[in-house]
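The next block holds one structure in the form of structure tokens; read it before the comments.
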Ligand SMILES: [Zn+2]
């Protein structure tokens, strides 16, 4: 299949269970950028039963919470589009006033150069630990 999410083409899996996974995207301008991905190839949230929908959103909120603790962003962006990749996934993006696109969407018009801060190994370790503690029960 040519689906980039099924093929796990991008990022590093930092947490998963049988239905979901959290992927850390190695983005130079957006450190801590995560995607919550459904493992099954399904197009819409309403293709899933209610308990799975709730599990996905719970996971999105746990990721948001962990990112807020670690990075103290000015804003969290949550997005689910999937027009190019019609496979259920949620972007969870810590945003800062000095990031390249703020206050535009990170897919929008770039307004300045970013600071190119990739996630540190300590931050990554902390993120993995927070997700493990909040999601494994
Ligand atoms: Zn897929």
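Numbers below:
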item	result
Count of the range 3-13 residues which are surrounded by fewer than 17 Cβ atoms within 10 Å (Cβ to Cβ) and either near the ligand (Cβ under 9 Å from one of its atoms) or in contact (Cβ under 8 Å) with a residue 40 or more places away in the chain (or both)	4
Failed criterion for residue 56 (all others in (1) touching a residue at least 60 places away in the same chain (Cβ under 8 Å); (2) within 15 Å of the ligand (Cβ to nearest atom); (3) within 15 Å of the chain's Cα centre (by Cα) hold)	(1)
Test for residue 65: is it loosely packed, with under 13 Cβ neighbours inside 10 Å, in a helix (DSSP H, G or I) and out of contact with any strand residue (DSSP E or B) (no Cβ under 7 Å at 6 or more places or on another chain)	no
Residue 22 part of a strand (DSSP E or B) and either within 17 Å of residue 129 (Cα to Cα) or touching a residue at least 40 places away in the same chain (Cβ under 8 Å) (or both)	yes
Among residues of the range 17-45, those that are farther than 13 Å from residue 89 by Cα and surrounded by fewer than 14 Cβ atoms within 10 Å (Cβ to Cβ), counted	4
Any hit, the range 110-119, residues being closer than 19 Å to residue 12 by Cα, away from the ligand (no atom under 16 Å from the Cβ) and touching a helix residue (DSSP H, G or I) at 6+ places or on another chain (Cβ under 6 Å)	no
Odd one out for residue 82, checked against (1) assigned to a loop (DSSP other than H, G, I, E, B); (2) free of Cβ contacts under 8 Å to residues at least 40 places away in the same chain; (3) over 17 Å from the mean Cα position of the chain (by Cα)	(3)
Condition check for residue 37: in contact (Cβ under 8 Å) with a residue 40 or more places away in the chain and within 12 Å of the chain's Cα centre (by Cα)	yes
Qualifying residue in the range 85-94 (condition: outside any loop (DSSP other than H, G, I, E, B), more than 16 Å from the ligand (Cβ to nearest atom), farther than 20 Å from residue 17 by Cα and within 14 Å of the chain's Cα centre (by Cα))	yes
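Each reported figure results from applying straightforward, stated rules to the coordinates on display, with no laboratory input. Since the structure is predicted, the reported quantities are computational estimates derived from the model, not experimental observations. Virtual Cβ from ideal backbone geometry, glycine too; neighbours counted across all protein chains shown.
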